[in-house]
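Colleague: Quick one: the structure is below, questions incoming.
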Amino acid sequence: MRLKPGSQGIVFDLQRGSFVDGPGLRTTVFLKGCPLRCRWCHNPESQRFAPEVVDRGTPSERRVGTRMSVGGVMAVVERDRAFYEHSGGGMTLSGGEPMAQPDFTAALLSAAHTLGVHTCLDTSGHAPWDQLRRTLPVTDLYLFDYKATGDGVHRELTGVDPTEVLGNLRRLTDAGADVRLRCPLVPGVNDGDEHLRTIARLAEELPVRGVDLLPYHALGRGKRRDAPVYPEPTADDRARWEELTGFPVTS
Amino acid sequence: MKTRARATERLAYLEAFTQTHRRLMDGPPALREAACLRLQLPWQFAPLRPGDVFAGRLNALPLLFSPEDSGVGYVFHADRLVSWIDRDALTRAERSRLERVATYWARYRTDAVVRRAYPAALSAGLPSDAWTDEPGIAFPLYRMAGATLDYGKLLRRGLPGLAEDCRSVSDEVLRAALGQAVGLLNGLCRRYAQEAERLGEHELNTTLGAITDRPPETLREAIQLVWLFALVSGASNFGRADAYLGPFLTADLASGRLDQHAAQELVTAWWRVIAERNTVFNGRVVIGGTGRPDPTAADAFARLALEATRQAPGPEPQLSLRLSDDQDPGLFDTALDLLGEGLTYPILYDDATNVPAVMHAFGVPRELAERYVPFGCGEYVLEGHSFGTPSGVINLLEALRQVVLAAPPGGFATFDGLINAYEACVERHIAWLAEQQKLEYDVVAAEASCLYFTLLYDHCLERSRAIFDGGVAHLGGTLETYGNTNTADSLTALCACVYDQASLTFEQVRSALHDDFTGHDAARALLNTARKYGNDDDTADAMAARVHEHACRATAAQAERVGLDSYLVVVINNHANTILGRHTGASPDGRHAGEPLACGNNPSGGADRHGLTAMLRSLTRLDPSIHAGTVQNLKLSPRLFSPAHRPKLRAMLEAYFDQGGTQLMVTTVNADDLRDAMDHPERYPNLLVRVGGFSARFVELDRDVQLEIISRTCHGAT
């Protein structure tokens, strides 16, 4: 028997009671596999599109990635309904890059929507517009990454060309989607003045809901032992970010 | 010379107390108690100090009558005696007189009398009292803990009113003894009044004078009377202080006797003397909740109480906030402020779940259930109405271990066979503990009348009976269960590995436990892959619910048999999870020998891996209507209290309570601070943590207790 496209996907982690992945309390579904190679990536083990064993031969050796069905994920998501209702929360798809499993992502968003659960899609925007467009009717809020300014820099820091990303951002806002810009900032890596000013300009030009400046933390979620480490922002860095963008740094 | 005079005076006290006890041995216990108290109080109450806002400070005596001073009834502390009396200052003859005192009390201290009263079968079932030092499944405790008196009645009637109430008692002996008890307290007030006058503490002098003459009229008088009554009675928890003090506060504010600032100073001063008493596990003050006669006045006091906790932070008082619709919602916001500041208080209780649960567990109507208050580490009693001292400890995990280790060769053929054997073992021990509980009440009743408790407990005066001699309206008992979570996770692991998947044989598990997993790494790894309680996992949580319900129902079923109005489990946990863990061998949940048991209803440290909401939902799976209190700890990162996250935190707690959560105790710490505090205790003198049912300064805890707290999952903003 052939499974319907998108009825299964590879999940890297399921985090319940998240405070930081959208409004209210969220169940965040981390989908495994990402076409980007951001230098600061906290979760390199989320990049490959298959279950794998990481930190092999060390005490933290573990298997990462599980094949799950839409029903399996939704059974977990539904358990926290009372928490969503009290907090205005819901389900967030993150990754990896959820749009790299477009059928599964669309199916999850659709299932949550049918159940009346608020949906967020945390995406790099690096996906064919046709795929992203499918999510419009079932996504309440996009958490849209804006990571670097300038074609060369973007390619160097993330491994992909920004043209599609920026195009998708405009297409989403043109289509009337609710979008928050999410800007991970790593001191000395992607926090140049030009980038910060561009964030401010984008926020002014586009009807986005807001901007989250996400400071780099050396201790990320599920951090792998060999993940790269950068300096954490100083108070001066934060002040400059806030001054040039006009937005507060997320605590 | 001075040293010698002091030593001989103290010897004289010990001998006089002893002779009085012996002389009145065959007479009515009420009169003996009153006579002993008459000797004791002058020694027990320390002189006033300049600047005292409230009178009343206790000396630690080696020999005294007390319901729960590390003992019960007539209490003799051989260890305290060493520092209390300088033996070198005594003559040889005096030293041998001192020995005779010690010999007498080794036999006649009330806990020894209780122990001697055990029938042979009970002695065989409960062979040891040394629960902190020896391995074992069940141990008795000796105390009449958790008296939560009807202070509202005390304040309405005052000392003259209580004296009058005593006169209505039909039993002549009890009437006389109760009258003497009130008289002794009156005398104590007068003594302190004189001391206050000598020290030039005029307001205190006036306050003390007033409460000897009439019921209190001001907040200051009311707190003073409650404080002295608590000390003289030995009660160490304060019940619904906002309900009984609120009206005094609002009257003072309305009349201009006090302004807000002065009122706050009084409440904070009370907090400081409660802290100084340092009972470690007690000092509960309850605010909020349904059933307070004047909610507006009570709320006004509750706000001062919360602020007092901020101004005088420390392990005591254990401020506890009952949440209900019948109160200022701002109390909850202030509570979150305090918790975010790392104060560990207030402890949160939700009336919407607790009141119906108490109705069911205690078998009482709503208006009585609304009088529930947690005392000590979190046991519920009905204020002024029920008594429910925890009189036993059962280590469920040790029961399971012994069943596994003693199983027939090859083990149990089925999982049902295993769990039935475990449940039978637990039931056998609970039956002994229930018998002990009733026996302890009976012996205490024969030994003493607990006169001050009798004065302020429902029905005692009307029935003309001492509290434990048929006086108290509801005579309950409570049993402390430990290792609940480890037992459930062990059973889940055995069910999965040995019976469902057959990945291990029973004998492999038995050998692994026997060898504390040394050389059994693969077996331990397999057991560890089993599902764990605390992840909102139906299989693991259903097992936790089964273990919980079995222990609770088996306990409750004993009440009628032994003659109690209720006998209920409490999952209160002080630091017994760590202490019992020291003597508990390896267990099938993968826990090594000597490691702590999980605390209260919580998951084992680090076993909850699916986020905070998943853990909270697991907590709500344990039926609250069949026990008398459980504790659940939450270790949170301060980041969750930041302005960005705070509304989510509040919503999360509300959703938890909405889904049937009964209680939460919050410790707010940076994960790294605890480790740093172990290395540099001098930098963290005031770092407060919730251990189990009590708070402590982290740096003062035993190393293994510190490590247990560190091992708990710290929930951050991820």
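Colleague: Got at least one residue in the range A:118-130 being part of a helix (DSSP H, G or I) and either away from chain B (no Cβ under 14 Å) or more than 26 Å from A:LEU214 (Cα to Cα) (or both)?
Modeller: Restricting attention to the range A:118-130, the residues satisfying the condition of being part of a helix (DSSP H, G or I) are A:129-130.
Narrowing further to those that are either away from chain B (no Cβ under 14 Å) or more than 26 Å from A:LEU214 (Cα to Cα) (or both): A:129-130.
Checked against the condition, which is being part of a helix (DSSP H, G or I) and either away from chain B (no Cβ under 14 Å) or more than 26 Å from A:LEU214 (Cα to Cα) (or both), the range A:118-130 yields at least one hit.
Colleague: May I pose another question? Which condition from (1) out of contact with any His (no Cβ under 9 Å at 6 or more places or on another chain); (2) among the β-branched types (Val, Ile, Thr); (3) within 11 Å of another protein chain (Cβ to nearest Cβ) is the one that A:THR58 breaks?
Modeller: Against the list (1) out of contact with any His (no Cβ under 9 Å at 6 or more places or on another chain); (2) among the β-branched types (Val, Ile, Thr); (3) within 11 Å of another protein chain (Cβ to nearest Cβ), A:THR58 comes up short only on (3).
Colleague: Looking at (1) more than 14 Å from chain A (Cβ to nearest Cβ); (2) crowded, with 23+ Cβ neighbours inside 10 Å; (3) small (Gly, Ala, Ser), which one does B:ALA614 not meet, given that it meets all the others?
Modeller: Unmet condition: (1).
Colleague: For A:ARG63, only one of the following conditions fails: (1) crowded, with 16+ Cβ neighbours inside 10 Å; (2) within 12 Å of another protein chain (Cβ to nearest Cβ). What is its number?
Modeller: It fails just one condition, (1).
Colleague: Test of understanding: among B:GLY661, B:GLY716, which residue is in contact (Cβ under 8 Å) with a residue 40 or more places away in the chain and closer than 20 Å to B:PRO374 by Cα?
Modeller: B:GLY661
Colleague: For the range B:58-97, enumerate the residues that are in a loop (DSSP other than H, G, I, E, B) and either within 21 Å of the chain's Cα centre (by Cα) or of a type in the set (Ser, Thr, Tyr) (or both).
Modeller: B:ALA60, B:PRO67, B:GLU68, B:ASP69, B:SER70, B:GLY71, B:VAL72, B:HIS77, B:THR91
Colleague: Here is a check on your reading of the model: is B:THR103 at pLDDT 95 or above and part of a loop (DSSP other than H, G, I, E, B)? Spell out the reasoning first.
Modeller: Numbers: at pLDDT 95 or above: yes; part of a loop (DSSP other than H, G, I, E, B): no.
Taking the combined requirement at face value, the residue does not satisfy it.
Colleague: Something else about it: Does B:ASP442 fit the bill of being touching a Lys or Arg at 6+ places or on another chain (Cβ under 9 Å) and of a type outside the set (Val, Ile, Thr)? Before the answer, list the steps.
Modeller: Working: touching a Lys or Arg at 6+ places or on another chain (Cβ under 9 Å): no; of a type outside the set (Val, Ile, Thr): yes.
When the stated conditions are applied, B:ASP442 does not pass them.
Colleague: Let me ask something additional. With the requirement that a residue be among the charged types (D, E, K, R) and under 23 Å from the mean Cα position of the chain (by Cα), what does the range B:573-612 give you? I'd like the intermediate steps shown before the answer.
Modeller: Here is the first cut: in the range B:573-612, the residues among the charged types (D, E, K, R) are B:582, B:589, B:591, B:595, B:608-609.
If the condition is that a residue be among the charged types (D, E, K, R) and under 23 Å from the mean Cα position of the chain (by Cα), then B:ARG582 is the only one that fits.
Every residue, every condition in (1) out of contact with any Asp or Glu (no Cβ under 7 Å at 6 or more places or on another chain); (2) surrounded by fewer than 19 Cβ atoms within 10 Å (Cβ to Cβ); (3) part of a loop (DSSP other than H, G, I, E, B); (4) not β-branched (Val, Ile, Thr), yes or no:
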position	(1), (2), (3), (4)
B:PRO127	yes, yes, yes, yes
B:ALA130	yes, yes, yes, yes
B:GLU134	yes, yes, yes, yes
B:PHE139	no, no, no, yes
B:ALA145	no, no, yes, yes
B:LEU149	yes, no, yes, yes
B:LEU154	yes, no, no, yes
B:LEU159	yes, no, no, yes
B:ALA163	yes, yes, no, yes
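Colleague: For the range B:351-372, which residues satisfy the criterion of being under 18 Å from B:VAL569 (Cβ atoms) and among the aliphatic types (A, V, I, L, M)?
Modeller: Listed by number, the residues that qualify are B:ALA357, B:VAL358, B:MET359, B:ALA361, B:VAL364, B:ALA369.
Colleague: For the structure I just gave you, tell me whether B:ALA677 is away from every other protein chain (no Cβ under 14 Å) and touching a strand residue (DSSP E or B) at 6+ places or on another chain (Cβ under 7 Å). Show your work before the answer.
Modeller: On the way: away from every other protein chain (no Cβ under 14 Å): yes; touching a strand residue (DSSP E or B) at 6+ places or on another chain (Cβ under 7 Å): no.
Here the answer is no, as B:ALA677 does not meet what is asked.
Colleague: Can you pull out the helices (runs of 4 or more DSSP H) entirely within the range B:286-395 that have at least 2 residues that are within 22 Å of B:GLN659 (Cα to Cα) and at pLDDT 95 or above?
Modeller: Passing ranges, in order: B:330-340, B:351-362, B:366-369.
Colleague: Looking at the structure I just gave you, is B:PRO685 facing chain A (nearest Cβ under 10 Å) and assigned to a loop (DSSP other than H, G, I, E, B)?
Modeller: no
Colleague: Looking only at the range A:173-194, which residues are in a helix (DSSP H, G or I) and more than 24 Å from A:GLY22 (Cβ to Cβ)?
Modeller: A:ASP193, A:GLU194
Colleague: Also, quick follow-up: Contact list please: Cβ distance under 7 Å, first residue in the range B:616-640 and at positive phi, second residue surrounded by 24 or more Cβ atoms within 10 Å (Cβ to Cβ), pairs at least six apart or on different chains.
Modeller: B:GLY629/B:PRO374; B:GLY629/B:GLY378; B:GLY629/B:GLU379; B:GLY629/B:TYR380; B:GLY629/B:VAL570; B:GLY629/B:ILE572
Colleague: Hey, could you check the range B:298-339 for residues that are of a type in the set (Asp, Glu) and in contact with an Asp or Glu (Cβ under 7 Å, 6 or more places away or on another chain) and say which is nearest to B:HIS261 (Cα to Cα)?
Modeller: B:ASP299
Colleague: For the range A:15-31, give me each residue that is in contact with a His (Cβ under 9 Å, 6 or more places away or on another chain) and more than 7 Å from chain B (Cβ to nearest Cβ). Walk me through it before giving the result.
Modeller: First, the residues of the range A:15-31 that are in contact with a His (Cβ under 9 Å, 6 or more places away or on another chain): A:15-17, A:19-20, A:22-26.
Result: A:GLY22, A:PRO23, A:ARG26.
Colleague: Another question, if that's okay. Given the conditions (1) in the same structural domain as B:ILE467 (by TED's automatic domain parsing); (2) of a type in the set (Gly, Ala, Ser); (3) surrounded by fewer than 24 Cβ atoms within 10 Å (Cβ to Cβ), which single one is not true for B:SER386?
Modeller: Here B:SER386 clears every test but (3).
Colleague: Could you please find all residues in the range B:125-144 being touching a helix residue (DSSP H, G or I) at 6+ places or on another chain (Cβ under 9 Å) and without any contact (Cβ under 8 Å) to a residue 40 or more places away in the chain?
Modeller: B:ASP129 - this is the single residue of the range B:125-144 that is touching a helix residue (DSSP H, G or I) at 6+ places or on another chain (Cβ under 9 Å) and without any contact (Cβ under 8 Å) to a residue 40 or more places away in the chain.
Colleague: State the number of residues belonging to the range B:468-490 that are surrounded by 24 or more Cβ atoms within 10 Å (Cβ to Cβ) and over 21 Å from the mean Cα position of the chain (by Cα).
Modeller: Looking only at that region, the number is 6.
The values are calculated or read from the model by the stated rules, or taken from the named source; none is laboratory data. Note that this is a predicted model, so its numbers are computed, not measured. No Cβ is skipped: glycine too gets one built from the backbone with ideal geometry, and neighbour counts run over all protein chains shown.
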